[in-house]
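Engineer: Sharing a structure, written as structure tokens. Questions coming.
The values are calculated or read from the model by the stated rules, or taken from the named source; none is laboratory data. Everything numeric here is computed off the predicted structure, so don't read it as measured data. No Cβ is skipped: glycine too gets one built from the backbone with ideal geometry, and neighbour counts run over all protein chains shown.
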Amino acid sequence: MSTYENFSAEISKIKIKLIFTYILSGKKLVIEMTDLRGSKAKGRMPAYYQYLEPVSGRTYAIFKLIAGPGVSITLNGYPPGSYEPNSFYPMVEIIRVQDPELVPTIGTDFNTHQLLGEYQVNPPEPPQGKDVGDLRKWYSYSIPPTDFFTLSPLNNGIIIRHHHSKQDLIITVPNHTSDSEFSEFLNQVDMLHSDAKFTFQINNGGGIGAKRGNKFNNLPILEVIKTPAVKIELARETIHYTPGNVLLGGKKTSTDEVFYEIYETDKIANVPNQGERFSEIKSYWQRLEPKTIPISQPIVLSPELTTMDMAVRFVPALGDVIDVAEFFKGWYCGRDLYGRKLSSTEIAILGIGALLPFAASGASKSASILQRSFGRRANKTMDLLGRIKKSGVNNEDAKLIREAEKRIKKGLPATALQIEELSRIYKKIKGEPPTIDQLLNVDGTGFVHCELQEAYRAYTKGKTNPANPREWALGKTRNPETIKLLKGFLGSDYIRRAKYNLRQPKQFINNFEVPRPIDLSENEAIQLLSQFFSQPKKLTERLDDFFPSNFMGIEPKNVLQTYRIRTPTISQGTFNILKGNLAEILSKKIKLKHLDEIRKTVPNAKLISSLKIQLMENGKLNPAKLFADDVIAVVEKGNLRILKLYEVKSGYRGGMEATEQIFDWIEGRLPHAEGSRLLLPDGKFFIYDPGSIDKGRVIGLNNAPRCIITAKGASHLGVDSSMQVAARSERIELELTSEQMEEKLKKEFFSEYLEEIARKKRLVEFSNEFMDEIASKKIRVDFTNEYLQQLAQKKSGDIIVDIIPSPQVEYLEKVTSSQLDYLVAEIFSKVTIK
């Protein structure tokens with residue numbers, strides 16, 4: 001926080017009061033979150049806040065607020081209408097969730113995007129197997145089933161798209177007391193904004209036009225229960241052509257089919273929580289007639305602009321105000337994530353407009369300037385700026401963009417003439433095709449594009465070990481329509497580009513943008529920095545060029561309060577090295593505690609650091625590399641006996657990464673590494689040779705107890721975990737034993753084996769050649785040999801695993817990964833000698 005702002009928070013059981021003061025003017029802004037659910041409400045108040053202070057390149061503060069039903073949000077001192085955030089007025093991001101369980105605990109660092117992921121319900125399966133060539137099957141597939149929905153959460157509601165009728169049910173709730181979009185609506189229904197709550201359920205087997213109580217057709221496909229303060233509208237719109245529905249002859253206009261039933265009740269306590277199923281209509285739920293639901297007008301884009309919209313999907317985030325990837329999510333209904341009506345064409349205008357000052361000022365060549373403004377997206381932004389400058393966009397073009405931008409920021413649409421001229425300008429900007437990774441979802445388990453995801457789901461059906469989405473797209477798929485779609489998005493040479501451009505550009509971290517977590521006080525930060533500065537050798541390990549030889553005279557308190565920045569940006573790799581060093585320093589206390597316990601039975605045991613290994617590969621010793629993060633060992637009878645090995649991880653996925661690393665060494669490297677050398681810091685070495693009885697060996701390298709030390713919250717699920725996974729997790733033991741699974745998998749393995757034979761020999765399924773191959777004795781002999789070989793390897797692995805104890809897990813003392821991030825950024829930006 002700079003010397004110009006002051007922030008404080010007052011928290012009680014039913015109220016959170018956030019006070020932001022701009023000291024120079026005395027202007028005070030107050031945000032109040034109040035629990036109005038009443039005395040019968042159970043559990044904690046469903047409200048959360050996070051404050052992000054101003055940083056260089058972003059002069060305004062940010063408040064992130066998450067609230068459930070029954071919580072009132074009041075903004076005092078803010079402008080009555082929309083405004084641009086600045087030093088006087090922080091940005092306020094509000095997310096209204098309907099399930100109180102999704103509201104994180106105050107004090108945790110939470111990524112609000114986790115609540116806004118789009119997903120599908122009951123997507124159809126495309127024809128496969130012998131039906132692939134049946135055009136009638138493809139035609140049936142082109143007509144979406146009546147229970148196929150796409151659900152797109154918004155900051156203050158959800159868009160439910162019914163694919164069969166091509167209609168969108170848009171459900172929204174007011175964000176706060178002065179929400180201008182809802183002020184007139186709330187007066188009409190005589191309700192408070194905190195009285196807004198809704199839930200919905202999709203009924204398998206439901207029918208179009210159905211009503212509960214009808215004799216023959218009494219189950220609607222979609223049912224919504226809401227309070228009067230919840231706004232619902234229906235969007236019917238022109239459907240744009242895509243490669244899929246043009247080929248398959250799908251419907252091109254929406255219909256007026258009624259696929260929903262809506263019930264209303266006065267009290268939020270009468271609305272079930274989202275996810276709870278209901279099978280009967282309560283007496284206090286009043287049915288609303290479908291004709292009372294307002295219908296919004298469709299948004300029509302020309303084919304040329306539709307093409308431009310597809311290109312806009314892959315533009316990187318353009319500054320603090322505009323993020324194309326987020327805004328585009330709601331483009332088909334004309335709304336962004338904040339509920340404002342905005343077309344993707346307007347998004348493109350705002351995005352290019354945000355870049356123009358950088359292109360004009362020559363800042364496109366300054367990595368440090370771009371880093372401060374665009375953070376980790378600076379590399380992509382620099383590339384886009386270069387293409388804008390090469391395109392020949394002149395002053396007249398820039399003037400046109402600015403004029404359109406002004407209209408959009410005022411809430412007015414761009415004129416037809418402006419759109420025509422802007423289309424001409426955008427054609428000048430030559431862009432490179434996107435990569436396959438930009439079509440994948442966040443965790444790489446599927447595609448963000450509907451048709452690609454459907455094709456991938458069809459491929460995985462019935463397979464025990466399918467290729468991942470990336471591998472499938474880069475050569476596994478043989479579906480001609482899928483290949484056509486991929487080439488349309490990525491270019492005809494996308495496979496070649498993926499194979500020859502594997503090296504990713506160097507990633508940088510902007511130290512200005514690393515926020516201080518809410519749960520890290522200044523006193524705690526000072527104590528941690530003091531602990532780090534007291535061990536300069538470990539702190540600066542592998543970073544000698546960055547830091548002074550010692551930290552004498554450097555006061556942690558002065559570091560936190562200093563605003564002179566020495567190193568604004570740092571590479572991701574270097575950042576991770578320092579973060580790992582900090583975790584190593586914090587882990588020393590845990591290791592010494594374990595050493596004291598072990599010395600009760602092995603008095604001469606020692607904690608050994610900086611251990612290295614020379615792996616033996618193909619009869620040669622490789623160069624020495626660091627091995628483990630310290631070990632506890634003892635030298636006895638001329639051999640080194642390992643008593644405990646440590647893996648220390650500082651990242652958000654520390655538990656998983658350490659587990660994988662342990663598995664990689666035990667299963668992948670050590671079984672083939674006889675003759676390797678373990679090097680001690682004093683120059684002595686011991687040979688890894690399990691079959692030998694000579695002296696000079698290392699004993700227990702593969703079966704000594706392992707200990708994983710991670711940042712707090714890095715090894716479990718929940719909103720208090722490092723990844724803030726807001727989901728319940730239950731661990732269940734399968735009823736099948738390993739032996740039973742083995743018999744079951746033997747049959748599946750044979751099916752996969754046949755598929756592989758057919759693919760290699762290009763045999764058509766169920767053809768005469770294929771049936772002859774199946775009947776041959778040779779294929780069965782080959783299968784038996786391969787299966788027994790794999791089974792022997794599996795059993796060999798089981799024997800190794802049986803004698804290796806499960807890793808012990810320890811946590812650094814109440815220090816989370818995000819807290820380490822902040823301390824790393826502070827040290828790099830203010831203590832370096834550069």
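Engineer: I need the full set of residues from segment 47-79 which are in a loop (DSSP other than H, G, I, E, B) and surrounded by fewer than 22 Cβ atoms within 10 Å (Cβ to Cβ), in order please.
Structural biologist: Of everything in segment 47-79, those that are in a loop (DSSP other than H, G, I, E, B) and surrounded by fewer than 22 Cβ atoms within 10 Å (Cβ to Cβ) turn out to be 53, 54, 56, 57, 59, 60, 77, 78, 79.
Engineer: Specify which of the listed residues (194, 165, 180, 142) is of a type in the set (Ser, Thr, Tyr) and touching a helix residue (DSSP H, G or I) at 6+ places or on another chain (Cβ under 7 Å).
Structural biologist: Every option except 142 fails the conditions.
Engineer: Can I ask one more? What are the residues in segment 602-611 that are under 16 Å from residue 709 (Cα atoms) and either in a loop (DSSP other than H, G, I, E, B) or not assigned by TED's automatic domain parsing to the domain that holds residue 680 (or both), if any?
Structural biologist: Hit for segment 602-611 is 609, nothing else.
Engineer: Between 152, 178, which is modelled with pLDDT under 85 and more than 31 Å from the chain's Cα centre (by Cα)?
Structural biologist: After applying the criteria, what remains is 178.
Engineer: Filter segment 80-113 down to the residues that are buried (at least 17 other Cβ atoms within 10 Å of the Cβ), at pLDDT below 75 and farther than 17 Å from residue 53 by Cβ and list them by number.
Structural biologist: 108, 112
Engineer: Same structure, new question: All but one of (1) among the aliphatic types (A, V, I, L, M); (2) farther than 18 Å from residue 292 by Cα; (3) in contact with a Phe, Trp or Tyr (Cβ under 9 Å, 6 or more places away or on another chain) hold for residue 169; which doesn't?
Structural biologist: Result: residue 169 fails condition (2) only.
Engineer: Tell me which residues, restricted to segment 165-190, are crowded, with 19+ Cβ neighbours inside 10 Å and not polar (S, T, N, Q).
Structural biologist: Hits for segment 165-190 are 166, 168, 169, 170, 171, 173, 174, 176, 179, 182, 186.
Engineer: Out of segment 514-562, which residues are in contact with a helix residue (DSSP H, G or I) (Cβ under 7 Å, 6 or more places away or on another chain), modelled with pLDDT of 75 or more and among the hydroxyl-bearing types (Ser, Thr, Tyr)?
Structural biologist: Passing the criteria: only 530.
Engineer: Could I ask something else about it? Of all residues being outside any strand (DSSP E or B) and in contact with a helix residue (DSSP H, G or I) (Cβ under 7 Å, 6 or more places away or on another chain) in segment 628-653, which is modelled with the lowest pLDDT? Just the residue, please.
Structural biologist: Applying the filter and picking the extreme gives 652.
Engineer: While we're here: Can you tell me which residue in segment 478-489 is surrounded by the fewest Cβ atoms within 10 Å (Cβ to Cβ), limited to those that are modelled with pLDDT of 70 or more and hydrophobic (A, V, I, L, M, F, W, C)?
Structural biologist: 483
Engineer: Another question, if that's okay. Quick test for you: out of 395, 465, pick the one residue that is modelled with pLDDT of 70 or more, more than 21 Å from the chain's Cα centre (by Cα), closer than 30 Å to residue 498 by Cα and surrounded by fewer than 13 Cβ atoms within 10 Å (Cβ to Cβ).
Structural biologist: 465
Engineer: Let me ask something additional. Being part of a loop (DSSP other than H, G, I, E, B), buried (at least 20 other Cβ atoms within 10 Å of the Cβ), in contact with a Phe, Trp or Tyr (Cβ under 8 Å, 6 or more places away or on another chain) and at pLDDT 65 or above, is that true of even one residue in segment 691-701?
Structural biologist: yes
Engineer: Would you point out the residue of segment 612-642, among those that are among the small types (Gly, Ala, Ser) and either farther than 15 Å from residue 706 by Cβ or touching a Pro at 6+ places or on another chain (Cβ under 6 Å) (or both), that is surrounded by the most Cβ atoms within 10 Å (Cβ to Cβ)?
Structural biologist: Only one residue fits best here, namely 624.
Engineer: Only one of (1) in a loop (DSSP other than H, G, I, E, B); (2) modelled with pLDDT of 75 or more; (3) small (Gly, Ala, Ser); (4) more than 22 Å from the chain's Cα centre (by Cα) is not met by residue 475, so which one is it?
Structural biologist: If we test residue 475 against (1) in a loop (DSSP other than H, G, I, E, B); (2) modelled with pLDDT of 75 or more; (3) small (Gly, Ala, Ser); (4) more than 22 Å from the chain's Cα centre (by Cα), just (1) comes out false.
Engineer: Hey, can you tell me all the residues within segment 436-459 that are loosely packed, with under 15 Cβ neighbours inside 10 Å and either within 19 Å of residue 129 (Cβ to Cβ) or modelled with pLDDT of 70 or more (or both)?
Structural biologist: 437, 445
Engineer: Considering only residues that are within 25 Å of residue 190 (Cα to Cα) and either of a type in the set (Phe, Trp, Tyr) or within 32 Å of the chain's Cα centre (by Cα) (or both), look in segment 254-289 and name the one that is modelled with the highest pLDDT.
Structural biologist: Looking at the filtered set, the residue picked out is 263.
Engineer: May I pose another question? Look at residue 22 and say whether it is surrounded by fewer than 20 Cβ atoms within 10 Å (Cβ to Cβ), more than 31 Å from the chain's Cα centre (by Cα) and of a type outside the set (A, V, I, L, M).
Structural biologist: yes
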